[in-house]
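The values are calculated or read from the model by the stated rules, or taken from the named source; none is laboratory data. On a predicted model such as this, the values are computed, not experimentally measured, just so you know. For neighbour counting, all protein chains shown are included, and Cβ atoms are generated from backbone atoms with ideal geometry for every residue, glycine included.
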Amino acid sequence: MGVLNVTPDSFSENGKYQNHDDAIAHALRMVDEGADILDIGGESSRPYASPVLLEEECQRVIPVIQALSKLTSVPISIDTYKPEVMCRAVEAGVSIINDIKALREPGALEAARQCNVPVVLMHMKGEPQTMQNHPEYENIFEEVNLFFKERIEQCLQAGIKYENLILDPGFGFGKTMAHNFQLLKQLSNFKKTWKMPLLVGLSRKSLIKKALGLEVHDSLYPSIALAIYAVLQGVNIIRAHDVLATRQALDMIEALEVNVA
Ligand code: 8Y7
């Protein structure tokens, strides 16, 4: 899953793709590089980022979605927690919802049911503005699992199909470096517990800076290492900024699996 930020304040691209034409060109480059999904977001989810109004978010993403759905058959996902954006994005051609709030916003469960597309339920403790202020857990694996259980139940009750659900532990969302590492080591256990598709986003995340002292522009190789570590534990979807490098690394792992199996 290639990341396409259409925001002026996004963490790692610094608003480089704010312009619609630039965003479309970047998306098509990611398709050429082997992306299987394009994840479009119009509101930065980085820690301390300020929220964006509904209309502003739609003006950023909808024209890009409309253009891309004509230019490529690669599925597009919408990174949003706002129910109205979900519906308008699906009308414009989106086929996956990626929700960092796991459909906890009022109206989001109903919107996702109506859209009837796969939805990523991501764990986040707190809100983007404050989530990195001293997050605490007694047992992070159990707390995230309990969260998944509650969200899955809510989704099923709302009429969302089980086979449309994808889980994501939400690296960096209300988690210290130690919390992120504990979750990383448990990915195969999430897979065993839920037997559902798992998605992770580790690309360029601050756990790399915290562990190795590397800045965002120097975090490609560690990002690849984390993607491989996740895939070897059964993770199905890797959300990544550097599509070509990630694709080649994961193709190699897949070739190994295919040739030995
Ligand atoms: C994730 C995400 C971001 C993630 C899912 C960043 C939108 C921060 N991270 N969605 N979004 N999982 N599902 O550094 O880890 O890319 S934004």
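Assorted remarks:
- Selected residue (criterion: nearest to the ligand (Cβ to nearest atom)) from residues of the range 56-70 that are free of Cβ contacts under 8 Å to residues at least 40 places away in the same chain and among the β-branched types (V, I, T): I65
- The numbered conditions (1) more than 14 Å from the ligand (Cβ to nearest atom); (2) touching a residue at least 24 places away in the same chain (Cβ under 8 Å) are all true for P47 except (1).
- Any hit, the range 142-160, residues being under 21 Å from S45 (Cβ atoms), part of a loop (DSSP other than H, G, I, E, B) and not β-branched (V, I, T): no
- Only residues that are within 15 Å of the ligand (Cβ to nearest atom) and either at pLDDT below 95 or surrounded by 15 or more Cβ atoms within 10 Å (Cβ to Cβ) (or both) were counted in the range 25-44, giving 11.
- Residue check, G170 within 21 Å of R151 (Cα to Cα) and either in a helix (DSSP H, G or I) or at pLDDT 95 or above (or both): yes
- Restricting attention to the range 18-70, the residues that are assigned to a helix (DSSP H, G or I) and of a type in the set (A, V, I, L, M) total 14.
- Some residue of the range 195-211 being in contact (Cβ under 8 Å) with a residue 40 or more places away in the chain, among the aliphatic types (A, V, I, L, M) and in a helix (DSSP H, G or I): no
- For the range 76-95, a tally of residues being more than 10 Å from the ligand (Cβ to nearest atom) and farther than 17 Å from H20 by Cβ returns 8.
- Residue check, S73 in a loop (DSSP other than H, G, I, E, B), away from the ligand (no atom under 13 Å from the Cβ), more than 21 Å from L198 (Cα to Cα) and touching a residue at least 60 places away in the same chain (Cβ under 8 Å): no
- Looking across the range 212-221, just one residue is in contact (Cβ under 8 Å) with a residue 24 or more places away in the chain and away from the ligand (no atom under 12 Å from the Cβ), and that is L220.
- The set of residues in the range 137-179 that are farther than 14 Å from R113 by Cα, among the charged types (D, E, K, R) and within 16 Å of the ligand (Cβ to nearest atom) comprises D168, K175.
- Residue within the range 105-117 that is touching a strand residue (DSSP E or B) at 6+ places or on another chain (Cβ under 8 Å), under 23 Å from I238 (Cα atoms) and within 12 Å of the ligand (Cβ to nearest atom) present: no
- Checking Q186 against (1) surrounded by fewer than 21 Cβ atoms within 10 Å (Cβ to Cβ); (2) among the polar types (S, T, N, Q); (3) touching a helix residue (DSSP H, G or I) at 6+ places or on another chain (Cβ under 8 Å); (4) closer than 28 Å to A49 by Cα, the condition it does not meet: (4)
- M131 satisfies every condition listed in (1) away from the ligand (no atom under 16 Å from the Cβ); (2) of a type in the set (A, V, I, L, M); (3) in contact (Cβ under 8 Å) with a residue 60 or more places away in the chain except (1).
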